[in-house]
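First up is the structure itself, then whatever we jot down about it.
The values are calculated or read from the model by the stated rules, or taken from the named source; none is laboratory data. All figures in this text were calculated on a predicted structure; none of them were measured in a lab. Here Cβ is always computed from backbone atoms with ideal geometry, including for glycine, and neighbour counts include all displayed protein chains.
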Amino acid sequence: MNWIVISQIAYIAVIITVCLIILYNTRSHNKSLVYILLVIFLPVIGVALYLIFGFNYHKLRLFRNMPEENKKLRERINLKFDNHNKIADRNGANLKASHRTLSDFIFEGTSMPITDGNSIELLVNGESKFPEVLKMIREAKHHIHLEYYIFNDDETSKDIVDLLIIRAHEGINIKFIYDDFGSRNIGDNVIMKMKNAGIKVQPFYEIKYMLLANRINYRNHRKIIVIDGTTAFVGGINIGNEYDNKIKAKGKVYWRDTHLKVSGPIVKYLQCVFLQDWNFCCQDYIVSDDKYFPEVQAFSSNKKIQLAVSGPDTSLPYIEYTMLRAIYSARESIMITTPYFIPGEPILDALIAAQKSGVEVSLLVPNKSDSKIVNTAAKFYYTQLIEEGVTVYLYTKGFVHAKSMVIDEAISIIGSANMDIRSFDLNFEVNAVVYDQSFAKEMKDVFYTDTSNSKKIDREAWLNRSKIAQLPEKVMRLISQVL
């Protein structure tokens, strides 16, 4: 047997092996099909793309065996606040049956119970968020915990870093987690300045060889700040100049985004998310410390809030499932704002089913995205929705980066997760689910303001576009499952 025959046999064996790995390790059948076709027709490129971007690391020991300290941490928190959680659970029974089903699902999947007695403030855009963040950092008495996907090296981040350094010198305990891919522009000098001031700084899942690392596929997309265990920030706004519309610069577009400032019992669970991530990326394990979990204060505003979290460390894509449950609970209206809309068939079918059931479904997306490939692929899904009567708005004032959903003027979901496959399957994400009519009305008012700065897609004109105009969308749709 000559070397040509041997090489051919080896080639076929490798292709078959990789295809079997794809079949056994990829949850989505659409994604499986795309990767198998790539491996068969473009073997070198296809295998490389799959190993870097497609291999299912949910089952790897790295994510499956999260630190035992995290299990102990969650047990200690639930035990410490057991009485309050029981009260919150009883209050949750006052929710509509469909909302209660959603709350129970989140708790069963993530051990995050519904909490009441919370205060919540809606922060529209960075110019609302950053002054509040600086204010709370100045007022911190004991500790400050920060966790960000993007933390840039610019004027906005400098203001925060400089203040953190001052507070660290004043004895405040500060921990900072940054995503090594998203915050690759942060600068070693900035990190060293913080460390020299006594701030504990840690990359989440450090990437040593950017171009060769499959780690870039698993990103911590969360944006969390916890102050003294009593006040927290969560949402979609990263740290950087582009997120603050007060800063004018050449080529800078208006940035529309959403964040939350919360106080009350929900903060202890945001603290728990942060500390679990800290335990994952740092050997300085924290099981439970009362100084990080002070006695909870109930507010008269009494907002009911619950966290939905997911990532490669969870057994299922709970944020995607949370959105599905919320969509199926709708009886009157669904309002979605997202910068990236690659939903996958379950979400797409749920929205179409809701529209066909008499629910008014509206989608707000960017007119121009910061990703041409994603923007082109998303248009295919717009077409599917528009054909069935869903209203799609293209935001024209700038770039809409907000990630929110409002159901029936009753439930609001705000957080870090986009409505795309990456957020559902690959990223570490956190969303806040708010069960409150007055807050949902506030979110709907913001949605209406955004649609006034948008253009509604004309159904007839959109559907009658030429076949050539629609071709790029259909092509990009083929690879949308692996974007």
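A compact table of results
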| item | result |
| --- | --- |
| Number of the exception - Gly236 against (1) surrounded by fewer than 24 Cβ atoms within 10 Å (Cβ to Cβ); (2) in contact (Cβ under 8 Å) with a residue 12 or more places away in the chain; (3) not β-branched (Val, Ile, Thr) | (1) |
| Pairs where the first residue, in the stretch 342-357, is under 16 Å from Ile407 (Cα atoms) and the second is small (Gly, Ala, Ser) and surrounded by fewer than 20 Cβ atoms within 10 Å (Cβ to Cβ), C-beta under 6 Å, 6+ apart | Gln355/Gly389 |
| Verdict on Met443 being out of contact with any Ser or Thr (no Cβ under 6 Å at 6 or more places or on another chain) and modelled with pLDDT of 95 or more | no |
| Among residues of the stretch 144-153, those that are surrounded by fewer than 24 Cβ atoms within 10 Å (Cβ to Cβ) and charged (D, E, K, R), counted | 1 |
| Filter result for the condition that a residue is of a type in the set (Asp, Glu) and at pLDDT 95 or above, over Glu170, Glu206 | Glu170 |
| Checking Leu146 against (1) in a strand (DSSP E or B); (2) modelled with pLDDT under 95, the condition it does not meet | (2) |
| Test: residue in the stretch 310-333 that is over 28 Å from Leu463 (Cβ atoms), acidic (Asp, Glu) and free of Cβ contacts under 8 Å to residues at least 40 places away in the same chain | no |
| Looking only at the stretch 285-323, and only at residues there that are surrounded by 15 or more Cβ atoms within 10 Å (Cβ to Cβ) and of a type in the set (D, E, K, R), the one that is nearest to Phe439 (Cα to Cα) | Lys303 |
| Any hit, the stretch 244-259, residues being buried (at least 22 other Cβ atoms within 10 Å of the Cβ), under 17 Å from the mean Cα position of the chain (by Cα) and under 22 Å from Met112 (Cα atoms) | yes |
| Condition met for Gly126 (within 22 Å of Lys261 (Cβ to Cβ), in contact with a helix residue (DSSP H, G or I) (Cβ under 6 Å, 6 or more places away or on another chain) and surrounded by 15 or more Cβ atoms within 10 Å (Cβ to Cβ)) | yes |
| Cross-chain or 6+ apart pairs with Cβ under 7 Å, the stretch 376-401 first and within 18 Å of Gln355 (Cβ to Cβ) and in the same structural domain as Ala354 (by TED's automatic domain parsing), then among the acidic types (Asp, Glu) and modelled with pLDDT under 95 | Phe380/Glu473 |
| Counted residues, the stretch 137-161 - those being without any contact (Cβ under 8 Å) to a residue 60 or more places away in the chain and within 14 Å of Asn185 (Cβ to Cβ) | 3 |
| Criterion (over 17 Å from Lys268 (Cβ atoms) and either surrounded by 21 or more Cβ atoms within 10 Å (Cβ to Cβ) or over 23 Å from the mean Cα position of the chain (by Cα) (or both)) met by exactly one of Lys96, Lys141 | Lys96 |
